[in-house]
Amino acid sequence: MKVAFISGTSIVNSTQFSGWAVRSVETKHGSVTYKAHGDHILLNRHGSGTPLPPHAINYRANIRALADLGFEDVVALNSVGSLKPDLPPGSLVSCADYVGLQQGPATFFDEELKGGAPGIENNLIPRLVAALAPEFTIKTGKVYVQMRGPRFETKAEIRIIKEWGDVVGMTAAHEADLCRELGLRYNSLAIVDNYANGLEGTEIDFVKFKDLVKSNQAKVDRLFARLLEILG
């Protein structure tokens, strides 16, 4: 099955895709480098060189590249912070909706009086949830709250947005909006790498965050291995 995967931090640290071919494509929004193997490609949302922080990612080039390469189904893996005590680090979730109020959405409609209807298709999620069980449990129907980054949220911000959704991140809303505008079907998978700042008495900083991501690396590698088996 022809599927494009989008990931970030977990791919930078993984050797699982070292044998995939490295390729590039030029789009009207910029050049995009990706890895390819058979009917699948893997795109690191943060770029192939020095990783770009979330607010500086060229989302339009990334999603335009997937469309230009002929992909219609996209599976995105995002690192998120938990806004709920019952979603501890290590949890896997799929988000069915999102909030993106802090930063205007990325759009392809710069010169048209037009706007896309937002949404997440998740057309592959029921199949993935069933096939990944019982090894992996994915909690579906969650709400993703997007913040601008690159800094983490203050404790006061978390106290507000924990009423808005289940997890917090900095990338998925842009990707989902752009996929919808181009007719690509976006599928949400996310791994909880940390409790949000102040939740459950925790405090977050970038060093701690990198350690938490590293602790989940084996699970992410195994998850990707199973996804490739299921969608191969």
Selection from the range 96-123 of residues that are in a loop (DSSP other than H, G, I, E, B), aliphatic (A, V, I, L, M) and closer than 28 Å to LEU231 by Cα: ALA117, ILE120
Single unsatisfied condition, LYS155 versus (1) at pLDDT 95 or above; (2) farther than 20 Å from GLN102 by Cα; (3) not hydrophobic (A, V, I, L, M, F, W, C): (2)
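Conditions (1) among the hydrophobic types (A, V, I, L, M, F, W, C); (2) more than 21 Å from GLY47 (Cβ to Cβ); (3) buried (at least 21 other Cβ atoms within 10 Å of the Cβ), marked per residue:
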| position | (1), (2), (3) |
| --- | --- |
| THR154 | no, yes, no |
| LYS162 | no, yes, no |
| THR171 | no, no, yes |
| ALA196 | yes, yes, yes |
| ASP205 | no, yes, no |
| LYS210 | no, no, no |
Exactly one of THR107, THR27, THR50 is at pLDDT 95 or above and among the hydroxyl-bearing types (Ser, Thr, Tyr), and that residue is THR27
So is LEU189 within 19 Å of the chain's Cα centre (by Cα) and either within 18 Å of ARG45 (Cα to Cα) or surrounded by 15 or more Cβ atoms within 10 Å (Cβ to Cβ) (or both) or not? yes
Segments classed as strands (runs of 3 or more DSSP E), wholly inside the range 1-80, with at least 1 members that are under 15 Å from the mean Cα position of the chain (by Cα) and aliphatic (A, V, I, L, M): 3-7, 40-44
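To keep it simple, each residue is scored yes or no on (1) over 19 Å from the mean Cα position of the chain (by Cα); (2) part of a helix (DSSP H, G or I); (3) over 30 Å from GLY70 (Cα atoms).
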| position | (1), (2), (3) |
| --- | --- |
| ARG159 | yes, yes, yes |
| LEU178 | no, yes, no |
| GLU181 | no, yes, no |
| ASN194 | no, no, yes |
Do we find that ARG127 is in contact (Cβ under 8 Å) with a residue 24 or more places away in the chain and either part of a strand (DSSP E or B) or touching a Leu at 6+ places or on another chain (Cβ under 9 Å) (or both) in this structure? yes
Going by what's in this entry, would ILE230 be described as assigned to a helix (DSSP H, G or I), of a type outside the set (Asp, Glu) and either at pLDDT 95 or above or crowded, with 21+ Cβ neighbours inside 10 Å (or both)? yes
Residue in the range 76-92 that is over 27 Å from LYS155 (Cα atoms), of a type in the set (A, V, I, L, M, F, W, C), touching a residue at least 24 places away in the same chain (Cβ under 8 Å) and crowded, with 17+ Cβ neighbours inside 10 Å present: yes
Test set (1) surrounded by fewer than 16 Cβ atoms within 10 Å (Cβ to Cβ); (2) under 24 Å from ILE204 (Cβ atoms); (3) in contact with a Gly (Cβ under 9 Å, 6 or more places away or on another chain) - LEU101 fails condition number: (3)
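The values are calculated or read from the model by the stated rules, or taken from the named source; none is laboratory data. These numbers were taken from a predicted model, which means no experiment stands behind them. Cβ atoms come from the backbone with ideal geometry, glycine included; neighbour counts cover every protein chain shown.
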